[in-house]
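Everything on this sheet refers to the single structure shown next.
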Amino acid sequence: MDSNGSIKPSRVIPGPTNPMVTPLLTDHYQFTMAYAYWKANKHQERAVFDLYFRKNPFGGEYTIFAGLEECVRFISNYKISEEEIHFLKDNLPGSCEDGFFDYLRGIDCSDVEVYAIPEGTVVFPKVPLMRIEGPVAVVQLLETPFVNLINYASLVATNAARHRFVAGKSKTLLEFGLRRAQGPDGGVSASKYCYIGGFDGTSNVAAGRLFGIPLRGTHSHAFVSSYMSLGDISDKSLLKKDGSSTCKDFVVLVQNWLNKIKWSNSLCGIFSETNQSELTAFISYALAFPNNFLALVDTYDVMRSGIPNFCAVALALSDLGYKAVGIRLDSGDLAYLSCESRKFFRCIEEEFGLPGFGKMSITASNDLNEETLDALNKQGHEVDAYGIGTYLVTCYAQAALGVVFKLVEIDNHPRIKLSEDVSKVSIPCKKRIYRLYGKETYPLVDIMTRENEPPPKVGQRILCRHPFQESKRAYVVPQHVEELLKCYCDGSSGKKSETLPPLKDIRERCIKQLEQMRCDHMRRLNPTPYKVSVSAKLYDFIHHLWLNEAPVGELQ
């Protein structure tokens with residue numbers, strides 16, 4: 001029901017993309033704690049948990065928040081089945097009473113509220129990405145699946161965004177990581193979250209179907225080496241693009257062009273005899289896909305065989321009204337080979353009067369990562385697109401983001417977790433979060449306030465304090481104020497819930513957010529830390545609670 005007592009129309013939200021995401025996808029101790037809460041008649045106490053991380057990944061100073069949609073799907077369809085109840089009965093200690101399993105049968109998360117920063121937002125350490133409120137035993141059961149769904153998603157989206165930043169806006173980025181990913185879910189998730197982070201397409205057909213991500217790909221070395229000679233081509237005919245007539249022998253047309261290239265004024269002496277099995281494979285692929293001909297040119301020798309063979313086929317296609325897409329380089333000195341290939345294409349354009357041929361697309365692959373992209377930029381190259389796999393989807397540079405899920409309030413009593421490591425001290429109580437922008441539209445600082453504090457106002461001088469370091473503080477006069485936490489599951493609160501945006505909107509948000517950040521926060525080396533602060537009232541409250549909860553030592 002809503003606040004007026006009328007029945008609210010229910011939102012139909014599909015279940016998690018991965019069918020393995022069930023109530024049992026959690027740690028054993030979540031159920032043992034739930035039983036202990038139930039046994040103590042404490043399970044219905046209202047609890048508030050914050051989900052956040054403590055340090056940005058990859059040595060950077062920003063993170064992309066991703067995985068929220070899957071959390072909302074999970075919680076909206078949460079129900080422990082009878083089969084799962086039987087499994088729990090068999091695997092929890094025999095002292096667990098039957099009444100507890102009856103309680104589990106009735107759990108549906110209808111009383112759980114979820115507040116979150118919109119997916120695709122640039123986020124920072126200590127700031128709650130999600131706030132989850134509800135009966136303590138139920139919310140405790142959500143801890144592990146929520147952390148699991150956010151951790152990898154945010155890590156790989158951030159990895160993708162970092163690759164995009166190094167590659168530059170003008171380059172096409174393709175995710176080719178399925179075969180190297182950690183299992184099927186790692187592969188499918190990587191495709192989705194790399195797309196959010198700024199990649200343009202994927203080779204993963206399953207992800208293309210599930211999420212509508214553009215599919216890209218060509219052929220492998222196996223395709224090239226599977227052909228032996230031109231005799232392998234049975235049907236040599238190809239219809240002109242406009243349908244006006246048919247070229248009866250496309251192979252002869254290609255051979256004629258190869259001969260012209262070989263003896264052309266500008267290219268004479270670059271190559272002699274190309275590999276004929278490679279030429280056969282290229283012709284076969286072009287006959288199959290005359291509108292999408294993109295060839296892998298490094299099976300035998302890029303400049304002495306691959307590029308001349310590709311150009312001969314591309315020129316023959318051009319005679320029939322088609323336009324070849326380009327080449328892919330998968331080994332060797334990518335900077336040098338891309339530059340030499342571009343020279344070859346430009347010579348063809350100039351000598352044979354083919355406008356645009358010199359701009360033929362060059363795609364590079366072969367275990368690329370941030371460092372190799374940066375090195376290519378410094379060397380100078382002619383690559384238009386990158387196919388990136390292993391280092392991207394496995395997040396090779398960092399294994400995990402380190403997301404945590406901490407209790408900050410129970411039964412209206414704020415709670416704090418203390419540690420000798422100050423970075424692990426939690427920020428207590430239910431909070432609101434604001435992003436303050438300066439004159440040049442850049443975000444200046446994120447500030448957390450207590451739930452009942454008045455929000456920061458544009459033009460108002462606000463004291464922003466470091467949560468734990470007394471001397472770190474600054475006044476900010478914001479030109480724009482954005483509240484970050486939105487309601488995504490309203491529970492029984494009657495609040496209006498946000499709708500889940502389509503994937504392309506999340507991607508667009510991510511790209512826009514990254515463009516808003518100051519360049520010094522984004523750079524690869526020695527980035528400037530973004531400031532995360534608390535209000536003066538919250539600062540005082542944290543330290544008051546800290547003193548109350550910390551045991552007093554005794555010297556003897």
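The values are calculated or read from the model by the stated rules, or taken from the named source; none is laboratory data. These figures come from a predicted structure and were not determined experimentally. Heads up, the Cβs are rebuilt from the backbone with ideal geometry, glycines too, and the neighbour counts pull from every protein chain shown. Surface accessibility is based on the protein's heavy atoms, side chains included, excluding ligands, DNA and RNA. Shrake-Rupley method; radii C 1.70, N 1.55, O 1.52, S 1.80 Å.
Charges at C-beta only: +1 for Lys and Arg, -1 for Asp and Glu. How large is the resulting dipole of the chain about its Cα centre, in Debye rounded to 20? Please list the in-between numbers first.
Numbers: 63 positive and 64 negative charges, 316 e Å.
The dipole of the chain has a size of about 1520 debye.
Taking the highest mean first, how do the peptides 246-258, 64-76, 48-60 order by number of other beta carbon atoms within 10 angstrom per residue? Before the final figure, lay out each step's value.
Values: 246-258: 17.5, 64-76: 25.5, 48-60: 19.9.
Averaged packing, sorted descending, gives the order 64-76, 48-60, 246-258.
Step through the residues of region 345-361 one at a time and calculate ³J(HN,Hα) from phi using the Karplus curve (6.51 cos²θ - 1.76 cosθ + 1.60, θ = phi - 60°), rounding each to whole Hz and writing x for Gly and Pro.
4, 5, 5, 4, 4, 6, 6, 9, x, 10, x, x, 5, x, 9, 3, 5
Using only Cα atoms and rounding to the nearest 10 degrees, what angle (0 to 90) does helix 82-91 make with the longest principal axis of the chain?
70
About the Cα centre, and with charges only on the beta carbon of Lys, Arg (+1) and Asp, Glu (-1), how big is the dipole of region 219-361? Nearest 20 debye, please.
Its charge dipole is roughly 340 debye.
Okay, helix-only estimate at 222 nm for the chain: each DSSP H run of n ≥ 4 adds -39500 (n - 2.57), divide by all residues, round to 500 deg cm²/dmol; what do you get?
Helix contribution divided over all residues of the chain: -11000 deg cm²/dmol.
Summing Lys, Arg as +1 and Asp, Glu as -1, what charge do residues with Cβ under 12 Å from the Cβ of ASN148 carry, ASN148 excluded? Please report the intermediate quantities before stating the final value.
Values: positive: none; negative: ASP27, GLU70, GLU143, ASP185.
Net charge in that neighbourhood comes out at -4.
Just to check I understand the Karplus step: with θ = phi - 60° and J = 6.51 cos²θ - 1.76 cosθ + 1.60, what whole-Hz values come out for region 420-425, glycine and proline as x?
Taking θ as phi minus 60°, the curve returns 5, 8, 4, 5, 9, 6 Hz for region 420-425.
So, by mean Cβ neighbours within 10 angstrom, what's the order for 38-47, 360-369 with the highest one leading?
Values: 38-47: 15.4, 360-369: 20.4.
Output ranking for 38-47, 360-369: 360-369, 38-47.
Which stretch or stretches of region 215-245 have amide N atoms under 20 Å from the point lying 7 Å from ASN259's Cα along the Cα→Cβ direction?
229-233, 236-238
Over 18 Å between C-alpha atoms is what I'm after, so list which of LYS126/LYS431; LYS431/LYS472; LYS171/LYS378 land there.
Values: LYS126/LYS431 12 Å; LYS431/LYS472 21 Å; LYS171/LYS378 15 Å.
Long pairs (Cα-Cα over 18 Å): LYS431/LYS472.
Once the piece of chain linking ILE233 and GLN516 is laid out straight, how much longer is it, given 0.36 nm per residue of separation minus the C-alpha distance between them?
On the way: separation 283, 0.36 × 283 = 101.88 nm, distance 5.39 nm.
Additional length available on full extension: 96.5 nm.
I'd like to compare 267-274, 309-316, 111-118: which one has the highest average count of other Cβ atoms within 10 Å, and what's the full order after that?
Details: 267-274: 14.1, 309-316: 26.2, 111-118: 22.1.
So the order, starting with the most tightly packed, is 309-316, 111-118, 267-274.
Could you check the simple spin-label distance between LYS323 and LEU547, using points 7 Å along Cα→Cβ, in nm with one decimal?
The modelled label-to-label distance comes out at 7.2 nm.
Ordering VAL422, VAL408 by how much accessible area each has at a 1.4 Å probe, largest first, what is the list? Walk me through the numbers before you get to the answer.
Details: VAL422 65, VAL408 0 Å².
Ranking VAL422, VAL408 by accessible area, largest first, yields VAL422, VAL408.
Work out from phi, with θ = phi - 60° and the Karplus expression 6.51 cos²θ - 1.76 cosθ + 1.60, the ³J(HN,Hα) of each residue of region 145-157, listed in order in whole Hz, and give x for Gly and Pro.
These are the phi-based 3J(HN,Hα) values: x, 5, 4, 4, 6, 8, 4, 5, 4, 5, 5, 6, 5 Hz.
How large is Rg over Rh for the chain, taking Rg from the Cα atoms and Rh as the Kirkwood inverse mean of 1/r across Cα pairs?
Computed over Cα atoms, the ratio is 1.09.
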